[in-house]
Every structure is written in C-alpha cells, then in structure tokens.
Amino acid sequence: MADIGILLQVTLWGVFAGCIYILLATGLTLIFGVMKVVNFAHGEFLMLGAFLSYFAATILGVHPYVAILISMAVMALVGIATERLCFRPILGTGKLNEIIVSLGLILIFQNMVAHVWGNDGKSIRSPYEDITFPLGPVSMPLDYVIIILATALILLAIHVFQTRTGLGRAMRATSQNREAAKLMGIDVERIDMLSFGLGSALAAFGGGLWAVSGQVFNYQSGSVPAIKAFAIIIIGGLGSIPGAIAGGLLYGLAENFAAYFLGAAWKDATSFILLTIVLTFRPTGLFGGEE
Amino acid sequence: MIALLLLGIFAGCTGAKETGPSETAAPGTGGEAQGPDSVKIGVVLPLTGPASSTGNDMWWAAQLAAEEINAKGGVNVGGKMVPIELVAGDTETNPDKGVEAVTRLVQQEKVDLLVGGFSSAITYADSVIAAEEGVPFVITGASAPVITHRTDIDTSWFFHHCPTSDDYPYWTLKFVNEVVRPAINEKFGFPEDRKLKLAVVYQEGKYGAGVLSGVKKALEENPDWKIELVAEEPFTRSETNFQTVLTKVKEAKPDVVYPATFINEQVPLVTQGRRDVGLNTIYLAVEATDDPDYYSGVGQWGEYSIQETRFSPYAVPKGPIAPAVNKFREDFKAKYGKYPSMMGAGTYEGVYIAVDAIERAGSLDKEAVKAALAETDLPEMIEAMVGGRITFTEDFRESKFQLYMSQLIWDDSAGECRPKIVWPDQLKEQDFQLPDWYEPGE
C-alpha cells in the first residue's frame, strides 16, 4: 500500500491536471449555459490559444505569459466572430445543425493551423522553467504554481463578474431563462457574443498555460482535451460553472489515482466509468438543475 | 473572416499535394535496343495527413536519388539505359487510403517496383496489395517485424530495409550493458556483477508493445547481459501528464528508464521526470524522437539522455560512411532548404537498392527482380549496416542496421541539446558521461 507522502503527490498532480480541464470546461459550460449550443470545436480554441501564444512568444518575442494574454484577447475576438458568423444563423434550428457547424469548424481550424504552422510539434520555453519549490520529495515548478493560482483567480473574477455586475447578472439571467431575460429587456444576442468570447478566451488561457508548462503541441492537440471537457461538463451538470470546477478536479484526481493504482493505461477508462456512475445516480450531473 | 477561413481550409487541403505530383525526375535517354522506356518506381508515402512532413521528406529524398541516378545515364536494364520515373502514392497517413494508393500504383500506374511505406499500421494494410499482385516492395519505414513475418499473405515480395522494434531494444540494451552499467558500478562502487534495473514506460498499441516485447526478447536471448526489468508501465497514446506514472516508476528504483514514445510524449515525460518528480536517471529513447522538434521541445531537461538512432538530424557518425552522409545532407539541404530526416535517408537508400536489383536482374520481370533483391549485397550507403553491407536475411528478408547511440549534450550556441555519438567505438564522437545529478536505483 502506498504511503501518505505518495498519496499527497498523486493528489497534487491530479489538482494540477484538473486546472487545465477546469479552464476548458468552464468556457464550454458558459457557452452552453447561455446559448444551449454544443460547440464540439471548443478544443480547437485551446489548440489555437497555444499556437497564438507560440506565435507571440517566438515570432514577436514577448514574454510567454504576456503572449498568453495576447492570445486570449485574439481568441475572444475569434470566439465572437464564430458566434456571429457560424452559430447565430443556425440558433434554434436544431441540434444537428450545431453539430455539423462545429464539426466543420474543427476541420477549418485544424487545416488552417496546419497550413500556417505546418504539422510539426511546437513548444514554448518558460523563462521560469528552472525555478522549482521543493515540496517533500516533489519539486513544484513555479509554472505550475502560476497555473494553479491563475486558474483560481480567473474563476474568482468570473464569479465576481456574474454576481456583482449588471452584465454578469444579465448573463446568468439569460442562462436561467432566455425568453424571460428577453422580456426583461436583456439583449440576449449581445450576451451570446459575450459568452462565446469569454469561453474562447478561457480555452485559449488553458491552451497557453498548458503549452508553457512544458508540452509539445500540434494542430491536433485540441481533440483529446475537447472530449474530456465534454465529459467534465456532463459530470458537473451542463451549464453549471461550479459543476465544471468540481467535475474538472474530480476528473484530474480520478485520472491520476487510476494511473497510480491501476496503471496509466486506465486513465481514460476510469474517467468515463466515473461519468457513467455520476449519470446513473444524478442524470443531470452533480450540479445540474431538475430539467 | 469567412473568406479567410475558407481560404485556410482550401489551402490546407491542397497545399501538401502540390509537393507530391507524379512528376518525372528524368532526362530522357534514348536507345535503339528493345525494352522498356523507363523504370517506374512507386513511392508509398504520406504526403497529406498528420505525417505529411515525413512524407514530403521521403518524396524529396527519393527524387534526389532518382536525379543522381538519371544524371549518370539512368538504369541499365538488360543493356539499355533507361531513366527512372517516380510515381507518388499518397497514403494520407491512413491505412484505408494506403490500400487505395498502392492499388492505384500497381493497377493503373503499373509500377515495376514499390519503395517506401511509413507506419506499421498503414504498411500492414497496403502491402497486402503488393503481395497479391506480385510486385516487389522495398519497405523503408515500418518498424513492426510482423510486416515480413506474417503468414496470411505471401511476404516473399517484401524486403524490409528499416530497423524493427526488435532491433531498437537489442542495440540499446547492448549499449546499456556494455557502457552505462559499468559506469554506474564504477561511480557508486557497486560490485561488478550487480544487475542494472531497467524500467520500460511504453505507449499502448503496436509500436510501444513491440518495443516492450523486443526488450524481453533481447534480455531472454542474452542472459549474459546483467539487466533486469523492474517495471513496465503502459500509457495511452498522446498522454501529456506523466507525473503519476513516473512516481510509480520511481518506487521501483530503476537505474535507467526506457520510454517507447513519440516526440509529443517523450518531451513531457522527460521534462516531468527530471523537473517535477525528481527521477534523476538516464532516459533512453527510440529513434523516432531523433528529430529537431524533440531537441527544441525537451530543452535542458534532455541533457545526458540517450538517443538510439540510425540517421540523425544533428550528428554524423565517424568512419567510412561519414563523407556519404555529409554529401547527402548537404545536397538535400541545397535543394529543399532543410536537412533530411531518418525516413528520408531510408527512402533514398531504398531507390538505390531497387535500381541495383533491376540492373542485376537485367529485366523488369517482377519475379526476376524479386530474386535479384534477395541476392542484394551492396556496400552500406548513408546508414551504418552490420558488417558494412546491405543484405537481406534469408528467413524474413530484413537488412541489419548497426544502430548507434547518441548522448544529448547542451550546446550554448544552439540554445538546445545536440546529440553526440557515444557508441559503438567505430562510429563514436566522444565518450558516454554519467551526469553529477544522476541517482542510481538504490
């Protein structure tokens, strides 16, 4: 049996993995909550975020963390454009259209990136990669600390935005009942654009942080995280931000404990077994409504 | 915006194809004697899809070989000099499309011979057509031994000029036993007969499982090697977080860790092992990661790790093949603006092997060419071969590569690590070093 030190290490790696999942899933659930649209191309926003960060850091030469902020801003605009040009025209015309549009977007974004940057692996070197903090037998890289803190901060900022500002409250209102929100004079189409922009920026943030943590990425790097993000928001409850947070953490922890006790080949299987269990007992997810 | 996006998808779909048409790389050479007007070689390769950069490399290398041969007058087919004509068969990095591509090459283009093939899964599927139609296939890029060992089709048409997943662990562990193990014993004062503890972390699927079974086979067949396997951990393809699995590996107290990965897995594995988990060991690597993307991705964390290789982007082995390697690299760079990869090197040799067999057969008759290929005995070209010769084994028609080991050493001017060949003696540039931070298993 593993000793407590090992269990703490596995927990730490689980929380770290969970942070990237949370950023991706929060954006996805935000968009779903407001528009009830399933964007299967959400993983491509993470991939694009990584590539734009790479472009800003390598070609323009800015600090990698500044590059991530630039990539977030650009991706917010890409998200708004995607909503305006691709999803708004088909809103309310049926789920099949949404699926086909998002599958088309996957092809467009992947091929665009492959055309511009090729299909080789890219990486971004963090200036802090040498700095680690000893944590028992583990070395905690500064980049990981930044990722965990940045995730916590951004979630706090979203919470404040949604509870303390008029626009944020309008977003929540639209999420709860679109028709009623419209009747109350809320410009729901503006809220759609805003949520898509915010969701895309969060995905870009996740992609940039993930890249800087020491990964190699290519134009297909968004595919696997996208599937995981879907599983997470289903576990957490579609449209629920606390659900995305809980789901992301649970997912990260389940994957890592499975990797330790059963072997890394069990990571994906365990996460989907978890999904099945949650759906059996709570069909609407952990934080889902009673719809 | 839409226009831009459409442009993107359009360009993405067609861009790679522009580089791979079935163009003739030949000056026409006439002749009065009866016989063929050209030798038509089908090159099976992924010009599009995830492996398209590898495919382009293979295509360019094949063209370079064809141009060199044509510049010297072409191929002597039974007394008549004819040019080589290359035809690309794009597998689109997909087994089904590979079958279509080979079918087209064989039935419509009526090629005399096939060269290339990339990925065991794709080649496993598309080589069936070559066997059924009876076309000789010089396979230069599928590492699974099953390609020529299978019994469900007639594999006598296949000539495997590519190290297999049995070869990688054999040479790598031979090196570990001869060089790394004594170095550890000496530095830490261990007895000479202490067994070195080896951990294998492998990608699930044909490739990774192939390396693991190659490790077991090599250890079984060489009981005098003092190496024991203390951990074998699989992971799913495209894994990015290895901290937990490496924590588990660390508990097994290995002296050396042997990952069987692709580049996008090897980079986070080595980085997280050294930086996060504190698994300060010697990491080995399969030749698939000997690629510029690996060196830029792994950065300083790759320092002192071992790269098994047969043709490196940054290292040239000492010895008789050095001038040929340098010439190939520089000619390739002058023409295409970048250095060739290992897959390019194999394809380049494949074209020469095919031409040699046709000249000895004296005709384009496929049975005669097949018989001549089986008798191949060429001096090694740009990849080191066992005994310095390219020959195919009688049982499974495999050529035997002399794989060599590089150690990654930090290079300030590159801002990355660069491989330095440390083994075997006849090819090495410098000696293997055990780093100060190295920690043995116990």
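Taken together, the residues in the stretch A:236-257 that are within 11 Å of chain B (Cβ to nearest Cβ) and in contact with a Ser or Thr (Cβ under 9 Å, 6 or more places away or on another chain) amount to 4.
Conditions (1) in a helix (DSSP H, G or I); (2) not assigned by TED's automatic domain parsing to the domain that holds B:LEU114, marked per residue:
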site	(1), (2)
B:GLY344	yes, no
B:GLY350	yes, no
B:ILE358	yes, no
B:SER363	no, no
B:ILE382	no, no
B:ASP395	no, yes
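Only residues that are within 8 Å of chain B (Cβ to nearest Cβ) and either out of contact with any helix residue (DSSP H, G or I) (no Cβ under 9 Å at 6 or more places or on another chain) or not basic (Lys, Arg) (or both) were counted in the stretch A:258-269, giving 6. Only residues that are more than 11 Å from every other protein chain (Cβ to nearest Cβ) and over 25 Å from A:GLY27 (Cβ atoms) were counted across the stretch A:140-157, and they come to 0.
Quick test for you: out of A:VAL212, A:VAL224, A:VAL216, pick the one residue that is under 30 Å from A:ASP120 (Cβ atoms), surrounded by fewer than 23 Cβ atoms within 10 Å (Cβ to Cβ) and among the hydrophobic types (A, V, I, L, M, F, W, C). Walk me through how you get there before you give the answer.
Values: A:VAL212 fails: surrounded by fewer than 23 Cβ atoms within 10 Å (Cβ to Cβ); A:VAL216 fails: surrounded by fewer than 23 Cβ atoms within 10 Å (Cβ to Cβ).
Of A:VAL212, A:VAL224, A:VAL216, the one residue that is under 30 Å from A:ASP120 (Cβ atoms), surrounded by fewer than 23 Cβ atoms within 10 Å (Cβ to Cβ) and among the hydrophobic types (A, V, I, L, M, F, W, C) is A:VAL224.
Is it the case, given these coordinates, that A:ALA57 is surrounded by 20 or more Cβ atoms within 10 Å (Cβ to Cβ), assigned to a helix (DSSP H, G or I) and modelled with pLDDT of 95 or more? So A:ALA57 fits the description; yes. Just one of B:GLY89, B:GLY73 is among the small types (Gly, Ala, Ser) and surrounded by fewer than 20 Cβ atoms within 10 Å (Cβ to Cβ); which is it? Criteria check complete, one pass: B:GLY73.
Here the helices (runs of 4 or more DSSP H) wholly within the stretch B:192-292 that include at least 3 residues being surrounded by fewer than 24 Cβ atoms within 10 Å (Cβ to Cβ), modelled with pLDDT of 95 or more and hydrophobic (A, V, I, L, M, F, W, C) are B:206-221.
Residue-level check: of (1) crowded, with 17+ Cβ neighbours inside 10 Å; (2) modelled with pLDDT of 95 or more; (3) more than 19 Å from the chain's Cα centre (by Cα), A:ALA50 misses just (3).
Can you name the residue in the stretch A:262-291 that is in a helix (DSSP H, G or I) and among the charged types (D, E, K, R) and, of all such residues, is surrounded by the fewest Cβ atoms within 10 Å (Cβ to Cβ)?
Applying the first criterion (in a helix (DSSP H, G or I)) to the stretch A:262-291 yields A:264-281.
Now narrow it down to the ones that are among the charged types (D, E, K, R): A:267-268.
Numbers: A:LYS267: 23, A:ASP268: 17.
Top of the filtered list is A:ASP268.
Of all residues in the stretch A:187-209, none are outside any helix (DSSP H, G or I), aromatic (Phe, Trp, Tyr) and touching a residue at least 60 places away in the same chain (Cβ under 8 Å).
Just checking, does the stretch B:279-289 include any residue being of a type outside the set (Lys, Arg), without any contact (Cβ under 8 Å) to a residue 40 or more places away in the chain and within 9 Å of another protein chain (Cβ to nearest Cβ)? For the stretch B:279-289, residues of a type outside the set (Lys, Arg), without any contact (Cβ under 8 Å) to a residue 40 or more places away in the chain and within 9 Å of another protein chain (Cβ to nearest Cβ): absent. Filtering the stretch B:293-312 down to residues that are assigned to a strand (DSSP E or B) and more than 23 Å from B:GLN243 (Cα to Cα), which residue is nearest to the chain's Cα centre (by Cα)? Among residues in the stretch B:293-312 that are assigned to a strand (DSSP E or B) and more than 23 Å from B:GLN243 (Cα to Cα), the one nearest to the chain's Cα centre (by Cα) is B:THR309.
When you check B:PRO259 against the structure, is it at the interface with chain A (Cβ under 8 Å from one of its Cβ atoms) and touching a residue at least 12 places away in the same chain (Cβ under 8 Å), yes or no? Break it down into steps so the answer makes sense when it comes.
Values: at the interface with chain A (Cβ under 8 Å from one of its Cβ atoms): no; touching a residue at least 12 places away in the same chain (Cβ under 8 Å): yes.
Spelling it out, it is not the case that B:PRO259 is at the interface with chain A (Cβ under 8 Å from one of its Cβ atoms) and touching a residue at least 12 places away in the same chain (Cβ under 8 Å).
A count restricted to the stretch A:99-122 and to residues that are within 30 Å of A:LYS36 (Cβ to Cβ) and within 7 Å of chain B (Cβ to nearest Cβ) stands at 4. One residue stands out among those in the stretch B:37-56 that are farther than 27 Å from B:GLU359 by Cα and aliphatic (A, V, I, L, M): the one that is farthest from the other protein chains (Cβ to nearest Cβ), which is B:LEU47. Number of residues in the stretch B:384-393 that are without any contact (Cβ under 8 Å) to a residue 40 or more places away in the chain and part of a loop (DSSP other than H, G, I, E, B) equals 2. None of A:GLU98, A:GLU44 is among the acidic types (Asp, Glu) and surrounded by 24 or more Cβ atoms within 10 Å (Cβ to Cβ) except A:GLU44. Within the stretch B:109-142, restricting attention to residues that are more than 15 Å from the chain's Cα centre (by Cα) and among the small types (Gly, Ala, Ser), the residue that is surrounded by the fewest Cβ atoms within 10 Å (Cβ to Cβ) is B:GLY134.
Scanning the stretch A:123-139 for residues that are of a type in the set (Ser, Thr, Tyr), more than 8 Å from every other protein chain (Cβ to nearest Cβ) and more than 25 Å from A:GLN220 (Cα to Cα) turns up just one, A:TYR128.
The values are calculated or read from the model by the stated rules, or taken from the named source; none is laboratory data. The structure displayed is predicted, hence computed values, not measured ones. Heads up, the Cβs are rebuilt from the backbone with ideal geometry, glycines too, and the neighbour counts pull from every protein chain shown.
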